[in-house]
Amino acid sequence: MDIPKDQMSSLLDQGLFDSAQMLGSFLVSSSAVNTETSSPHVKAENLVFLGDALFGEKEYRRAIYTYKQALQHCKILPKQNTACRTSLSRSSSPNSINVSAINENEVKFKIILCHCALSENRAALAEMEGIPSKARTLRMNLTMGKLYRHSRHNRSAIACYKDCLRHCPYILEAITALAELGVSSKDIISLFPQTPTRSGRPPFDHFDTSRWLQRYVEAQCCIASNDYKGGLDLFGELLQRFPSNVHILLEIAKVEAILGKNDDAILNFEKVRTIDPYNLTYMDEYAMLLRIKSDNSKLNRLVHDMLNIDATRPEVCVALSVLWERKDQRRALAYAEKCLRIDDRHIPGQIMKGNLYISLDRPDAAVVAFRAAQELRPDLRSYQGLVRSYLVLSKIKEALYAAREAIKLMPHSAKAIKLVGDVHASNPGGRDKAKKFYESSLRLEPGYLGAALALAELHVVEGRNGDAVTLLERYLKDWADDSLHIKLAQVFGATNMLQEALSQYQSALRINPQNEAAKKGLERLEKQMKVCVFLCKFLCHVPTD
(Lines give C-alpha, C1' and ligand atoms only; values in the text may rest on other atoms or scores of the structure.)
Protein backbone atom coordinates (compact mmCIF):
# COMPACT_ATOMS: atom_id res chain seq x y z
CA MET A 1 0.00 0.00 0.00
CA ASP A 2 1.41 3.42 -1.02
CA ILE A 3 -0.30 5.31 1.82
CA PRO A 4 -0.27 3.85 5.38
CA LYS A 5 -3.80 3.83 6.76
CA ASP A 6 -2.66 4.01 10.36
CA GLN A 7 -1.27 7.51 9.62
CA MET A 8 -4.61 8.57 8.19
CA SER A 9 -6.37 7.17 11.25
CA SER A 10 -3.95 9.00 13.55
CA LEU A 11 -4.59 12.34 11.83
CA LEU A 12 -8.35 11.89 12.23
CA ASP A 13 -8.04 10.88 15.87
CA GLN A 14 -6.00 14.01 16.58
CA GLY A 15 -8.47 16.26 14.78
CA LEU A 16 -6.03 17.25 12.05
CA PHE A 17 -8.77 17.23 9.44
CA ASP A 18 -7.12 19.51 6.91
CA SER A 19 -4.02 17.28 6.76
CA ALA A 20 -6.24 14.19 6.77
CA GLN A 21 -8.22 15.57 3.83
CA MET A 22 -5.07 16.10 1.77
CA LEU A 23 -3.66 12.69 2.71
CA GLY A 24 -7.06 11.14 1.98
CA SER A 25 -6.92 12.36 -1.60
CA PHE A 26 -3.67 10.40 -2.00
CA LEU A 27 -5.24 7.38 -0.34
CA VAL A 28 -8.27 7.12 -2.65
CA SER A 29 -6.21 7.80 -5.77
CA SER A 30 -3.48 5.29 -4.99
CA SER A 31 -2.71 3.00 -7.95
CA ALA A 32 -2.59 0.06 -5.56
CA VAL A 33 -6.24 0.70 -4.66
CA ASN A 34 -7.62 1.58 -8.06
CA THR A 35 -6.56 -1.56 -9.91
CA GLU A 36 -9.42 -3.71 -11.15
CA THR A 37 -8.34 -6.54 -8.88
CA SER A 38 -8.34 -4.53 -5.67
CA SER A 39 -11.03 -5.26 -3.10
CA PRO A 40 -14.18 -3.05 -3.21
CA HIS A 41 -14.23 -2.95 0.59
CA VAL A 42 -10.73 -1.38 0.59
CA LYS A 43 -11.98 1.35 -1.75
CA ALA A 44 -15.03 1.85 0.47
CA GLU A 45 -12.88 2.03 3.56
CA ASN A 46 -10.58 4.65 2.04
CA LEU A 47 -13.52 6.76 0.91
CA VAL A 48 -14.95 6.71 4.43
CA PHE A 49 -11.58 7.93 5.74
CA LEU A 50 -11.77 10.85 3.30
CA GLY A 51 -15.41 11.47 4.18
CA ASP A 52 -14.50 11.69 7.89
CA ALA A 53 -11.84 14.30 7.09
CA LEU A 54 -14.37 16.34 5.07
CA PHE A 55 -16.90 16.04 7.90
CA GLY A 56 -14.31 17.35 10.33
CA GLU A 57 -13.67 20.30 8.02
CA LYS A 58 -17.46 20.93 7.89
CA GLU A 59 -17.53 20.34 4.14
CA TYR A 60 -20.78 18.48 4.55
CA ARG A 61 -21.86 18.20 0.91
CA ARG A 62 -18.51 16.78 -0.16
CA ALA A 63 -18.66 14.41 2.81
CA ILE A 64 -22.14 13.18 1.77
CA TYR A 65 -20.93 12.58 -1.78
CA THR A 66 -17.85 10.70 -0.54
CA TYR A 67 -19.78 8.55 1.96
CA LYS A 68 -22.29 7.61 -0.73
CA GLN A 69 -19.46 6.56 -3.01
CA ALA A 70 -18.24 4.30 -0.20
CA LEU A 71 -21.70 2.72 0.12
CA GLN A 72 -21.80 2.15 -3.65
CA HIS A 73 -18.61 0.08 -3.37
CA CYS A 74 -20.24 -1.98 -0.60
CA LYS A 75 -23.14 -2.80 -2.92
CA ILE A 76 -20.84 -4.39 -5.51
CA LEU A 77 -19.34 -6.81 -3.00
CA PRO A 78 -20.10 -10.48 -3.60
CA LYS A 79 -22.66 -11.93 -1.20
CA GLN A 80 -20.12 -14.13 0.56
CA ASN A 81 -17.99 -11.07 1.44
CA THR A 82 -19.46 -9.50 4.58
CA ALA A 83 -16.56 -7.24 5.43
CA CYS A 84 -18.64 -4.11 4.97
CA ARG A 85 -21.11 -5.30 7.56
CA THR A 86 -18.77 -5.92 10.45
CA SER A 87 -18.91 -3.65 13.47
CA LEU A 88 -16.43 -0.89 14.17
CA SER A 89 -13.53 -1.39 16.51
CA ARG A 90 -12.85 2.36 16.78
CA SER A 91 -15.25 5.03 17.98
CA SER A 92 -18.44 5.41 15.96
CA SER A 93 -18.20 9.21 15.92
CA PRO A 94 -18.34 10.97 12.54
CA ASN A 95 -14.57 11.26 12.36
CA SER A 96 -13.62 7.65 12.99
CA ILE A 97 -13.72 4.37 11.12
CA ASN A 98 -12.34 0.87 11.50
CA VAL A 99 -8.97 0.39 9.85
CA SER A 100 -10.06 -2.90 8.31
CA ALA A 101 -13.78 -2.62 7.55
CA ILE A 102 -16.77 -0.28 7.59
CA ASN A 103 -20.27 -0.51 9.01
CA GLU A 104 -22.84 0.53 6.41
CA ASN A 105 -25.37 1.70 9.00
CA GLU A 106 -22.84 3.92 10.69
CA VAL A 107 -21.79 5.40 7.36
CA LYS A 108 -25.46 6.14 6.67
CA PHE A 109 -25.65 7.83 10.07
CA LYS A 110 -22.70 10.02 9.13
CA ILE A 111 -24.63 11.04 6.01
CA ILE A 112 -27.60 11.84 8.28
CA LEU A 113 -25.42 14.04 10.51
CA CYS A 114 -24.24 15.90 7.41
CA HIS A 115 -27.85 16.54 6.33
CA CYS A 116 -28.68 17.72 9.88
CA ALA A 117 -25.75 20.14 9.82
CA LEU A 118 -27.15 21.52 6.54
CA SER A 119 -30.70 21.74 8.06
CA GLU A 120 -31.93 19.19 5.50
CA ASN A 121 -34.18 17.38 7.93
CA ARG A 122 -36.34 15.65 5.33
CA ALA A 123 -33.31 14.12 3.59
CA ALA A 124 -31.86 13.14 6.98
CA LEU A 125 -35.09 11.43 8.00
CA ALA A 126 -35.28 9.52 4.71
CA GLU A 127 -31.75 8.19 5.31
CA MET A 128 -32.54 7.35 8.94
CA GLU A 129 -35.57 5.29 7.99
CA GLY A 130 -33.24 3.20 5.83
CA ILE A 131 -31.40 1.97 8.95
CA PRO A 132 -33.10 -1.13 10.44
CA SER A 133 -34.61 -0.45 13.88
CA LYS A 134 -32.56 -3.22 15.51
CA ALA A 135 -29.35 -1.69 14.20
CA ARG A 136 -30.02 1.81 15.58
CA THR A 137 -27.84 2.98 18.44
CA LEU A 138 -29.00 5.21 21.29
CA ARG A 139 -27.64 8.26 19.51
CA MET A 140 -29.41 7.26 16.31
CA ASN A 141 -32.72 6.95 18.14
CA LEU A 142 -32.29 10.35 19.79
CA THR A 143 -31.46 11.95 16.44
CA MET A 144 -34.44 10.23 14.83
CA GLY A 145 -36.72 11.56 17.58
CA LYS A 146 -35.53 15.10 16.86
CA LEU A 147 -36.04 14.65 13.12
CA TYR A 148 -39.56 13.29 13.56
CA ARG A 149 -40.36 16.17 15.88
CA HIS A 150 -39.04 18.75 13.41
CA SER A 151 -41.23 17.10 10.76
CA ARG A 152 -44.23 17.23 13.16
CA HIS A 153 -44.53 13.45 13.25
CA ASN A 154 -45.13 13.66 16.99
CA ARG A 155 -46.23 10.06 17.58
CA SER A 156 -43.12 8.70 15.94
CA ALA A 157 -40.98 11.21 17.84
CA ILE A 158 -42.52 10.11 21.14
CA ALA A 159 -41.79 6.46 20.32
CA CYS A 160 -38.11 7.27 19.64
CA TYR A 161 -37.67 9.34 22.79
CA LYS A 162 -39.36 6.64 24.88
CA ASP A 163 -37.04 4.03 23.45
CA CYS A 164 -34.06 6.20 24.45
CA LEU A 165 -35.24 6.44 28.05
CA ARG A 166 -35.87 2.70 28.27
CA HIS A 167 -32.17 2.22 27.58
CA CYS A 168 -30.85 5.21 29.55
CA PRO A 169 -33.07 7.33 31.83
CA TYR A 170 -30.46 10.09 32.10
CA ILE A 171 -31.04 11.51 28.61
CA LEU A 172 -32.49 14.78 29.93
CA GLU A 173 -33.22 16.22 26.48
CA ALA A 174 -35.47 13.20 25.79
CA ILE A 175 -37.31 13.89 29.07
CA THR A 176 -37.82 17.55 28.12
CA ALA A 177 -38.97 16.62 24.61
CA LEU A 178 -41.52 14.10 25.89
CA ALA A 179 -42.85 16.65 28.39
CA GLU A 180 -43.25 19.24 25.61
CA LEU A 181 -44.98 16.62 23.43
CA GLY A 182 -47.61 16.15 26.15
CA VAL A 183 -46.49 12.88 27.77
CA SER A 184 -47.34 12.82 31.49
CA SER A 185 -44.68 12.63 34.20
CA LYS A 186 -46.10 9.29 35.33
CA ASP A 187 -45.71 7.80 31.85
CA ILE A 188 -42.16 9.14 31.50
CA ILE A 189 -41.07 7.79 34.90
CA SER A 190 -42.57 4.39 34.05
CA LEU A 191 -40.03 4.11 31.22
CA PHE A 192 -37.06 4.05 33.59
CA PRO A 193 -35.43 0.59 33.85
CA GLN A 194 -36.47 -1.41 36.91
CA THR A 195 -34.26 -4.48 36.38
CA PRO A 196 -32.59 -5.41 39.70
CA THR A 197 -28.83 -4.92 39.92
CA ARG A 198 -26.40 -7.61 41.09
CA SER A 199 -27.05 -6.54 44.65
CA GLY A 200 -30.71 -7.43 44.14
CA ARG A 201 -31.74 -3.78 44.48
CA PRO A 202 -33.59 -1.95 41.67
CA PRO A 203 -31.43 0.72 40.04
CA PHE A 204 -34.17 3.29 40.64
CA ASP A 205 -36.00 3.73 43.92
CA HIS A 206 -37.65 6.63 45.73
CA PHE A 207 -34.87 6.97 48.28
CA ASP A 208 -31.85 7.06 46.05
CA THR A 209 -30.67 8.28 42.68
CA SER A 210 -34.03 8.48 40.96
CA ARG A 211 -35.66 10.86 43.42
CA TRP A 212 -34.03 13.94 41.90
CA LEU A 213 -34.57 12.57 38.38
CA GLN A 214 -38.27 12.08 39.05
CA ARG A 215 -38.49 15.63 40.40
CA TYR A 216 -36.79 16.82 37.22
CA VAL A 217 -39.39 14.97 35.09
CA GLU A 218 -42.23 16.49 37.14
CA ALA A 219 -40.74 19.97 36.84
CA GLN A 220 -40.41 19.76 33.06
CA CYS A 221 -43.97 18.43 32.74
CA CYS A 222 -45.24 21.33 34.87
CA ILE A 223 -43.48 23.86 32.66
CA ALA A 224 -44.70 22.15 29.48
CA SER A 225 -48.29 22.30 30.75
CA ASN A 226 -47.82 25.99 31.74
CA ASP A 227 -47.97 25.26 35.47
CA TYR A 228 -45.07 27.62 35.98
CA LYS A 229 -45.47 27.98 39.73
CA GLY A 230 -45.38 24.20 40.18
CA GLY A 231 -42.33 23.99 37.93
CA LEU A 232 -40.50 26.70 39.87
CA ASP A 233 -41.21 24.97 43.18
CA LEU A 234 -39.80 21.68 41.89
CA PHE A 235 -36.75 23.31 40.34
CA GLY A 236 -36.20 25.15 43.62
CA GLU A 237 -36.22 21.80 45.43
CA LEU A 238 -33.65 20.45 42.96
CA LEU A 239 -31.47 23.52 43.44
CA GLN A 240 -31.28 22.80 47.16
CA ARG A 241 -29.83 19.40 46.40
CA PHE A 242 -27.57 20.67 43.61
CA PRO A 243 -26.51 24.21 44.61
CA SER A 244 -25.00 26.34 41.84
CA ASN A 245 -26.30 23.95 39.18
CA VAL A 246 -26.10 26.01 35.97
CA HIS A 247 -28.76 24.01 34.13
CA ILE A 248 -31.31 24.34 36.95
CA LEU A 249 -30.55 28.05 37.47
CA LEU A 250 -31.11 28.63 33.74
CA GLU A 251 -34.43 26.75 33.77
CA ILE A 252 -35.57 28.78 36.79
CA ALA A 253 -34.51 32.07 35.19
CA LYS A 254 -36.29 31.20 31.93
CA VAL A 255 -39.55 30.50 33.76
CA GLU A 256 -39.23 33.63 35.90
CA ALA A 257 -38.82 35.66 32.70
CA ILE A 258 -42.00 34.11 31.27
CA LEU A 259 -43.84 34.95 34.50
CA GLY A 260 -42.66 38.54 34.37
CA LYS A 261 -40.49 38.18 37.49
CA ASN A 262 -37.81 40.12 35.69
CA ASP A 263 -35.66 41.10 38.67
CA ASP A 264 -35.53 37.51 39.95
CA ALA A 265 -34.73 36.21 36.46
CA ILE A 266 -31.93 38.77 35.99
CA LEU A 267 -30.46 37.80 39.35
CA ASN A 268 -30.38 34.11 38.39
CA PHE A 269 -28.94 34.81 34.95
CA GLU A 270 -26.20 36.83 36.62
CA LYS A 271 -25.50 33.94 39.01
CA VAL A 272 -25.03 31.71 35.97
CA ARG A 273 -22.66 34.24 34.43
CA THR A 274 -20.64 34.25 37.65
CA ILE A 275 -20.44 30.45 37.81
CA ASP A 276 -19.84 29.91 34.07
CA PRO A 277 -18.94 33.10 32.16
CA TYR A 278 -18.74 31.14 28.87
CA ASN A 279 -22.30 29.81 28.93
CA LEU A 280 -24.48 30.98 26.01
CA THR A 281 -27.66 29.01 26.71
CA TYR A 282 -30.63 31.37 27.31
CA MET A 283 -28.33 34.39 27.29
CA ASP A 284 -30.56 35.91 24.61
CA GLU A 285 -33.42 35.74 27.12
CA TYR A 286 -31.17 37.61 29.55
CA ALA A 287 -30.46 40.21 26.86
CA MET A 288 -34.21 40.78 26.39
CA LEU A 289 -34.62 41.40 30.12
CA LEU A 290 -31.75 43.89 30.15
CA ARG A 291 -33.46 45.74 27.29
CA ILE A 292 -36.70 45.91 29.29
CA LYS A 293 -34.74 47.31 32.25
CA SER A 294 -32.93 49.72 29.90
CA ASP A 295 -29.63 48.53 31.35
CA ASN A 296 -27.56 49.38 28.28
CA SER A 297 -24.17 49.04 29.93
CA LYS A 298 -24.82 45.44 30.99
CA LEU A 299 -26.40 44.66 27.61
CA ASN A 300 -23.35 45.99 25.75
CA ARG A 301 -21.01 43.98 27.95
CA LEU A 302 -23.11 40.82 27.54
CA VAL A 303 -23.17 41.06 23.73
CA HIS A 304 -19.44 41.76 23.63
CA ASP A 305 -18.75 38.65 25.73
CA MET A 306 -21.10 36.49 23.65
CA LEU A 307 -19.43 37.54 20.40
CA ASN A 308 -16.05 36.58 21.82
CA ILE A 309 -17.33 33.15 22.90
CA ASP A 310 -19.06 31.98 19.68
CA ALA A 311 -20.46 34.43 17.14
CA THR A 312 -22.18 31.62 15.19
CA ARG A 313 -24.73 30.71 17.87
CA PRO A 314 -28.40 31.77 17.39
CA GLU A 315 -28.44 33.25 20.92
CA VAL A 316 -25.76 35.73 19.84
CA CYS A 317 -27.85 36.85 16.85
CA VAL A 318 -30.87 37.47 19.09
CA ALA A 319 -28.73 39.42 21.58
CA LEU A 320 -27.41 41.56 18.70
CA SER A 321 -30.99 42.10 17.54
CA VAL A 322 -31.90 43.28 21.04
CA LEU A 323 -28.89 45.61 21.10
CA TRP A 324 -29.80 47.25 17.79
CA GLU A 325 -33.56 47.42 18.36
CA ARG A 326 -33.60 51.02 19.58
CA LYS A 327 -30.84 52.24 17.26
CA ASP A 328 -31.75 50.62 13.93
CA GLN A 329 -34.80 48.36 13.80
CA ARG A 330 -34.09 47.09 10.29
CA ARG A 331 -30.61 46.02 11.31
CA ALA A 332 -32.13 44.40 14.40
CA LEU A 333 -34.57 42.50 12.16
CA ALA A 334 -31.68 41.31 9.98
CA TYR A 335 -30.03 39.78 13.06
CA ALA A 336 -33.29 38.09 14.11
CA GLU A 337 -33.62 36.59 10.62
CA LYS A 338 -29.99 35.46 10.72
CA CYS A 339 -30.75 33.64 13.98
CA LEU A 340 -33.59 31.75 12.29
CA ARG A 341 -31.40 30.82 9.34
CA ILE A 342 -29.07 29.18 11.84
CA ASP A 343 -31.92 27.51 13.75
CA ASP A 344 -35.48 27.99 12.54
CA ARG A 345 -36.77 26.43 15.78
CA HIS A 346 -35.20 29.06 18.03
CA ILE A 347 -38.19 30.52 19.89
CA PRO A 348 -36.62 33.79 21.13
CA GLY A 349 -35.64 34.51 17.53
CA GLN A 350 -39.27 34.18 16.39
CA ILE A 351 -40.49 36.29 19.34
CA MET A 352 -37.92 38.99 18.58
CA LYS A 353 -38.82 38.93 14.90
CA GLY A 354 -42.51 39.34 15.71
CA ASN A 355 -41.91 42.27 18.07
CA LEU A 356 -39.76 44.02 15.48
CA TYR A 357 -42.38 43.56 12.78
CA ILE A 358 -44.93 45.25 15.05
CA SER A 359 -42.54 48.16 15.61
CA LEU A 360 -41.98 48.41 11.85
CA ASP A 361 -45.76 48.53 11.29
CA ARG A 362 -45.90 45.12 9.66
CA PRO A 363 -48.45 43.34 11.86
CA ASP A 364 -49.28 40.68 9.24
CA ALA A 365 -45.67 39.51 9.23
CA ALA A 366 -45.65 39.69 13.05
CA VAL A 367 -48.59 37.28 13.19
CA VAL A 368 -46.64 34.75 11.11
CA ALA A 369 -43.62 34.99 13.43
CA PHE A 370 -45.67 34.65 16.62
CA ARG A 371 -47.59 31.70 15.16
CA ALA A 372 -44.29 30.01 14.34
CA ALA A 373 -43.15 30.50 17.95
CA GLN A 374 -46.46 29.19 19.22
CA GLU A 375 -46.24 26.03 17.13
CA LEU A 376 -42.81 25.30 18.61
CA ARG A 377 -43.89 25.84 22.20
CA PRO A 378 -47.01 27.79 23.17
CA ASP A 379 -46.13 30.28 25.88
CA LEU A 380 -47.42 33.59 27.10
CA ARG A 381 -45.14 35.73 24.94
CA SER A 382 -46.40 34.31 21.67
CA TYR A 383 -50.01 34.90 22.75
CA GLN A 384 -49.19 38.44 23.87
CA GLY A 385 -47.59 39.09 20.49
CA LEU A 386 -50.57 37.67 18.61
CA VAL A 387 -53.05 39.79 20.57
CA ARG A 388 -50.98 42.95 19.96
CA SER A 389 -50.67 42.17 16.24
CA TYR A 390 -54.38 41.46 15.76
CA LEU A 391 -55.33 44.64 17.64
CA VAL A 392 -53.08 46.70 15.35
CA LEU A 393 -54.85 45.02 12.42
CA SER A 394 -58.23 45.79 14.05
CA LYS A 395 -59.00 42.06 13.99
CA ILE A 396 -60.83 42.05 17.30
CA LYS A 397 -62.34 38.58 16.88
CA GLU A 398 -58.96 37.00 16.16
CA ALA A 399 -57.38 38.87 19.08
CA LEU A 400 -60.12 37.68 21.42
CA TYR A 401 -59.76 34.11 20.19
CA ALA A 402 -56.00 34.20 20.82
CA ALA A 403 -56.51 35.65 24.31
CA ARG A 404 -59.14 33.04 25.20
CA GLU A 405 -56.86 30.34 23.82
CA ALA A 406 -54.19 31.59 26.24
CA ILE A 407 -56.62 31.34 29.17
CA LYS A 408 -57.63 27.83 28.10
CA LEU A 409 -54.00 26.81 28.06
CA MET A 410 -53.11 28.74 31.25
CA PRO A 411 -56.32 29.00 33.31
CA HIS A 412 -54.50 30.20 36.42
CA SER A 413 -52.36 32.81 34.70
CA ALA A 414 -53.04 36.42 35.65
CA LYS A 415 -51.26 37.51 32.49
CA ALA A 416 -53.52 35.41 30.26
CA ILE A 417 -56.58 36.94 31.95
CA LYS A 418 -55.16 40.43 31.37
CA LEU A 419 -54.86 39.65 27.65
CA VAL A 420 -58.64 39.26 27.40
CA GLY A 421 -58.97 42.59 29.21
CA ASP A 422 -56.65 44.21 26.67
CA VAL A 423 -58.89 43.07 23.81
CA HIS A 424 -62.03 44.43 25.46
CA ALA A 425 -60.26 47.70 26.38
CA SER A 426 -59.56 48.33 22.68
CA ASN A 427 -63.29 48.76 22.11
CA PRO A 428 -65.13 51.63 23.91
CA GLY A 429 -68.12 49.35 24.38
CA GLY A 430 -66.02 46.70 26.10
CA ARG A 431 -64.33 48.81 28.77
CA ASP A 432 -66.57 47.57 31.57
CA LYS A 433 -65.62 44.00 30.69
CA ALA A 434 -61.97 45.01 30.48
CA LYS A 435 -62.14 46.47 33.99
CA LYS A 436 -63.51 43.18 35.34
CA PHE A 437 -60.76 41.15 33.67
CA TYR A 438 -58.05 43.49 34.97
CA GLU A 439 -59.47 43.26 38.48
CA SER A 440 -59.68 39.45 38.19
CA SER A 441 -56.06 39.38 37.11
CA LEU A 442 -55.06 41.44 40.16
CA ARG A 443 -57.07 39.24 42.52
CA LEU A 444 -55.27 36.21 41.16
CA GLU A 445 -51.84 37.89 41.29
CA PRO A 446 -51.93 41.11 43.35
CA GLY A 447 -48.33 41.91 42.47
CA TYR A 448 -48.88 41.83 38.71
CA LEU A 449 -47.98 45.41 37.82
CA GLY A 450 -48.93 44.96 34.16
CA ALA A 451 -52.60 44.58 35.14
CA ALA A 452 -52.37 47.50 37.59
CA LEU A 453 -50.92 49.77 34.90
CA ALA A 454 -53.58 48.65 32.39
CA LEU A 455 -56.36 49.34 34.89
CA ALA A 456 -54.87 52.77 35.65
CA GLU A 457 -54.78 53.55 31.92
CA LEU A 458 -58.44 52.48 31.64
CA HIS A 459 -59.33 54.90 34.46
CA VAL A 460 -57.53 57.72 32.59
CA VAL A 461 -59.25 56.94 29.28
CA GLU A 462 -62.64 57.12 31.01
CA GLY A 463 -61.74 60.36 32.78
CA ARG A 464 -61.28 58.86 36.25
CA ASN A 465 -57.85 60.37 36.87
CA GLY A 466 -58.38 60.41 40.62
CA ASP A 467 -59.01 56.66 40.64
CA ALA A 468 -55.87 56.13 38.54
CA VAL A 469 -53.76 58.16 40.99
CA THR A 470 -55.20 56.29 43.99
CA LEU A 471 -54.52 52.91 42.40
CA LEU A 472 -50.95 53.76 41.41
CA GLU A 473 -50.07 55.33 44.77
CA ARG A 474 -51.43 52.23 46.53
CA TYR A 475 -49.10 50.02 44.49
CA LEU A 476 -46.14 52.33 45.05
CA LYS A 477 -46.40 51.70 48.78
CA ASP A 478 -45.36 48.07 48.19
CA TRP A 479 -43.59 48.15 44.83
CA ALA A 480 -40.66 50.42 44.05
CA ASP A 481 -41.05 50.14 40.30
CA ASP A 482 -40.05 52.75 37.73
CA SER A 483 -42.98 51.93 35.42
CA LEU A 484 -45.47 52.84 38.18
CA HIS A 485 -43.79 56.20 38.71
CA ILE A 486 -43.82 56.89 34.96
CA LYS A 487 -47.53 56.11 34.64
CA LEU A 488 -48.30 58.31 37.67
CA ALA A 489 -46.21 61.12 36.14
CA GLN A 490 -48.21 60.81 32.91
CA VAL A 491 -51.50 61.04 34.83
CA PHE A 492 -50.30 64.10 36.75
CA GLY A 493 -49.04 65.67 33.51
CA ALA A 494 -52.44 65.15 31.85
CA THR A 495 -54.13 67.06 34.71
CA ASN A 496 -51.53 69.90 34.66
CA MET A 497 -50.07 68.86 38.02
CA LEU A 498 -46.63 69.52 36.58
CA GLN A 499 -44.60 69.66 39.76
CA GLU A 500 -46.03 66.33 40.92
CA ALA A 501 -45.31 64.83 37.49
CA LEU A 502 -41.73 66.12 37.67
CA SER A 503 -41.27 64.46 41.06
CA GLN A 504 -42.51 61.10 39.71
CA TYR A 505 -40.20 61.14 36.68
CA GLN A 506 -37.27 61.89 38.97
CA SER A 507 -38.28 59.00 41.24
CA ALA A 508 -38.40 56.67 38.22
CA LEU A 509 -34.88 57.72 37.22
CA ARG A 510 -33.57 57.20 40.75
CA ILE A 511 -34.79 53.58 40.53
CA ASN A 512 -33.56 53.07 36.96
CA PRO A 513 -31.24 55.81 35.62
CA GLN A 514 -31.30 54.14 32.18
CA ASN A 515 -35.08 54.29 31.69
CA GLU A 516 -35.56 55.93 28.28
CA ALA A 517 -39.30 56.58 28.80
CA ALA A 518 -38.57 58.47 32.01
CA LYS A 519 -35.78 60.48 30.35
CA LYS A 520 -37.98 61.47 27.41
CA GLY A 521 -40.96 62.20 29.67
CA LEU A 522 -38.83 64.39 31.93
CA GLU A 523 -37.42 66.23 28.92
CA ARG A 524 -40.90 66.94 27.55
CA LEU A 525 -42.14 68.03 30.95
CA GLU A 526 -39.24 70.41 31.54
CA LYS A 527 -39.88 72.04 28.15
CA GLN A 528 -43.59 72.31 29.01
CA MET A 529 -42.77 73.92 32.37
CA LYS A 530 -40.40 76.43 30.71
CA VAL A 531 -43.17 77.40 28.30
CA CYS A 532 -45.57 77.84 31.23
CA VAL A 533 -43.07 80.02 33.08
CA PHE A 534 -42.47 82.11 29.94
CA LEU A 535 -46.22 82.59 29.38
CA CYS A 536 -46.73 83.60 33.01
CA LYS A 537 -43.97 86.21 32.77
CA PHE A 538 -45.29 87.43 29.42
CA LEU A 539 -48.86 87.76 30.68
CA CYS A 540 -47.68 89.58 33.79
CA HIS A 541 -46.10 92.28 31.60
CA VAL A 542 -49.00 92.65 29.17
CA PRO A 543 -50.68 96.02 29.85
CA THR A 544 -54.40 95.93 30.59
CA ASP A 545 -56.97 98.45 29.40
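Each principal axis of the Cα atoms in the stretch 210-279 has its own extent, and those three values, largest first, are 29, 27, 17 angstrom. With the highest mean first, a sort of the peptides 249-255, 415-421 on other beta-carbon atoms found within 10 angstrom per residue produces 415-421, 249-255. For the chain, the relative contact order comes to 5 percent (Cα pairs under 8 Å, sequence separation of at least 6).
Note on the stretch 494-514 and the stretch 472-491: Cα centroid distance 10 Å, given to the nearest whole angstrom.
Loop only by DSSP, 15 or fewer other Cβ within 10 Å of the Cβ. Give me the chymotrypsin sites (Phe, Trp or Tyr not before Pro) in the stretch 126-195 that pass, ordered by residue number. Spell out each step's value before the answer.
On the way: sites: Tyr148, Tyr161, Tyr170; in loops: Tyr170.
For chymotrypsin sites (Phe, Trp or Tyr not before Pro) across the stretch 126-195 that sit outside H, G, I, E and B with at most 15 neighbouring Cβ atoms in 10 Å, the list reads Tyr170.
Rounded to 0.05, the FRET efficiency of the Arg326 and Ser190 pair, given R0 = 51 Å and the Cβ-Cβ distance, is 0.55.
Within straight-line reach of Lys68, meaning a Cα separation under 20 Å, sit the following lysines at least 8 residues removed in sequence or on another chain: Lys43, Lys58, Lys79, Lys108, Lys110. Straight Cα distances below 16 angstrom link Lys271 to the aspartates and glutamates Glu251, Glu256, Asp263, Asp284, Glu285, Asp305, with same-chain residues fewer than 8 positions distant left out. Taking the Cα centre of each part, how many Å lie between the stretch 319-391 and the stretch 117-193? Cα centroid to Cα centroid, the span is 29 Å. When only alpha carbons are used to place a centre, the stretch 447-469 and the stretch 417-436 end up 12 Å from one another. Sequentially through the stretch 490-498, phi angles give Karplus couplings (6.51, -1.76, 1.60; θ = phi - 60°) of 5, 5, 4, x, 5, 9, 6, 8, 5 Hz, Gly and Pro residues having no value and appearing as x. Derived scalar couplings between HN and Hα for the stretch 328-344 equal 7, 5, 5, 5, 4, 5, 4, 5, 4, 5, 5, 4, 6, 6, 6, 8, 6 Hz in order, rounded to whole Hz, by the Karplus curve 6.51 cos²θ - 1.76 cosθ + 1.60 (θ = phi - 60°), x for Gly and Pro.
Of all trypsin sites (Lys or Arg not before Pro) in the stretch 147-198, which ones are in loop regions per DSSP and have a Cβ with at most 11 other Cβ atoms within 10 Å?
On the way: sites: Arg149, Arg152, Arg155, Lys162, Arg166, Lys186, Arg198; in loops: Arg152, Arg198.
For trypsin sites (Lys or Arg not before Pro) across the stretch 147-198 that sit outside H, G, I, E and B with at most 11 neighbouring Cβ atoms in 10 Å, the list reads Arg152, Arg198.
Rolling a 1.4 Å probe over the heavy atoms of the protein chains gives the chain an accessible area of 50 Å² per residue. Among 106-113, 173-180, the peptide with the highest mean count of other Cβ atoms within 10 Å heads the list, and the full ranking is 106-113, 173-180. Using a 1.4 angstrom probe on heavy atoms only, work out the carbon and sulfur share of the accessible area of the chain in %. Using a 1.4 Å probe with all protein chains present, the chain comes out at 52 percent carbon and sulfur. For the chain, the longest principal axis of the alpha carbon atoms and the long axis of helix 347-359 meet at an angle near 40°. Helix 246-259 axis versus longest C-alpha principal axis of the chain: approximately 40°, rounded to the nearest ten.
Among 449-458, 395-404, the peptide with the highest mean count of other Cβ atoms within 10 Å heads the list, and the full ranking is 449-458, 395-404.
From helices alone, the chain scores -22500 deg cm²/dmol at 222 nm; the rule is -39500 (n - 2.57) for each run of n ≥ 4 DSSP H residues, then divide by the residue total.
With respect to the cross-link table entries Lys293/Lys435; Lys261/Lys530; Lys327/Lys527; Lys134/Lys408; Lys435/Lys520; Lys298/Lys408, which display a Cα-Cα separation exceeding 31 Å?
Working: Lys293/Lys435 27 Å; Lys261/Lys530 39 Å; Lys327/Lys527 24 Å; Lys134/Lys408 42 Å; Lys435/Lys520 29 Å; Lys298/Lys408 37 Å.
Exceeds cut-off: Lys261/Lys530; Lys134/Lys408; Lys298/Lys408.
Computed from backbone phi with θ = phi - 60° and the Karplus coefficients 6.51, -1.76 and 1.60, the 3J(HN,Hα) list for the stretch 425-439 is 5, 6, 10, x, x, x, 5, 5, 5, 4, 4, 5, 5, 5, 5 Hz; x is used for glycine and proline. Helix 363-376 axis versus longest C-alpha principal axis of the chain: approximately 50°, rounded to the nearest ten.
Take the Cα of Lys395, go 7 Å toward its beta carbon, and the backbone nitrogen atoms of the stretch 325-351 under 20 Å from that spot belong to 350-351.
The values are calculated or read from the model by the stated rules, or taken from the named source; none is laboratory data. Everything numeric in this text was worked out from a predicted model, so none of it was measured. Using ideal geometry, Cβ is built from the backbone for each residue, glycine included, and neighbour counts are taken over all protein chains shown. Side chains included, ligands, DNA and RNA excluded: accessible areas come from the protein's heavy atoms. Shrake-Rupley method; radii C 1.70, N 1.55, O 1.52, S 1.80 Å.
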